[in-house]
Amino acid sequence: ALVMDRLVTLIKKDVLAQQYSDKYLKNLLAQSLDIIVYMKNFKVYEVSTVEYIKENEIKCSLIFSYDENSKKFVKV
């Protein structure tokens with residue numbers, strides 16, 4: 001969910017996008033994205049799915065995560 005908020009913030013930096021509400025932009029993103037990959041220092045740390053259920057109802061589910069202790073990518 002934090003990624004979606006960050007993407008909305010970045011989109012709203014465009015003057016033309018400022019006319020749209022955050023909810024509208026989140027819904028648009030949720031309908032456009034299937035997977036979010038979080039990377040840090042050029043390494044994949046998390047993979048999440050994005051599911052648009054209905055208006056204003058978005059489900060982000062973590063499916064893979066990098067485990068610092070075992071140094072492995074694990075299914076959540």
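Every number here is computed from the coordinates shown, using simple stated rules; none is lab data. Everything numeric in this text was worked out from a predicted model, so none of it was measured. Neighbour counts are summed over all protein chains in view; Cβ atoms, including those assigned to glycine, are modelled from backbone coordinates with ideal geometry.
Highest first, please rank the peptides 35-45, 19-29 by the mean number of other Cβ atoms sitting within 10 Å of their residues. Mind showing how you got there, number by number?
Numbers: 35-45: 10.6, 19-29: 14.1.
Packing order, densest peptide first, comes out as 19-29, 35-45.
Find out how many positive minus negative residues lie around SER65, taking Lys and Arg as positive, Asp and Glu as negative, among other residues whose Cβ is under 11 Å from that of SER65. If you can, show how the numbers build up before the last one.
Values: positive: LYS72, LYS75; negative: GLU46, ASP67, GLU68.
Charge balance near SER65 sits at -1.
Could you name the lysines in cross-link range of LYS72, using Cα to Cα under 28 Å and dropping any fewer than eight places away on the same chain?
Correct list for LYS72: LYS40, LYS43, LYS59.
Multiply the residue separation of ASP34 and SER61 by 0.36 nm, subtract the distance between their alpha-carbon atoms, and state the gained length in nm to one decimal.
Numbers: separation 27, 0.36 × 27 = 9.72 nm, distance 1.07 nm.
Taking 0.36 nm per residue and subtracting the Cα distance, the gain is 8.7 nm.
Report the gain in length on full extension from LEU2 to LYS43: 0.36 nm times residue separation, minus Cα-Cα distance, nm rounded to one decimal. Let's see the in-between values first.
Numbers: separation 41, 0.36 × 41 = 14.76 nm, distance 1.90 nm.
Full-extension gain reported as 12.9 nm.
In cubic angstrom, how much convex hull volume per residue do the alpha carbon atoms of the chain span? Spell out each step's value before the answer.
Values: hull volume 7.1 nm³, N = 76.
Spelled out: Cα convex hull of the chain, divided by residues, is 93 Å³.
Helix 22-32 sits at what angle to the longest principal axis of the chain, using alpha carbons and giving 0 to 90 degrees rounded to 10?
60 degrees
Could you pull out the pairs from LYS12/LYS75; LYS13/LYS75; LYS26/LYS75; LYS23/LYS54 whose alpha carbons sit more than 24 Å apart here?
Details: LYS12/LYS75 33 Å; LYS13/LYS75 35 Å; LYS26/LYS75 26 Å; LYS23/LYS54 12 Å.
Those over the limit are LYS12/LYS75; LYS13/LYS75; LYS26/LYS75.
For GLU51 and LEU10, what does the FRET efficiency come to when R0 = 25 Å and r is the distance between their Cβ atoms, rounded to the nearest 0.05?
E(calc), rounded to 0.05, equals 0.70.
If you fit an axis through the alpha-carbon atoms of helix 2-11 and take the longest principal axis of the Cα set of the chain, what angle between them do you get, 0 to 90°, nearest 10?
Helix 2-11 sits at roughly 40 degrees to that axis.
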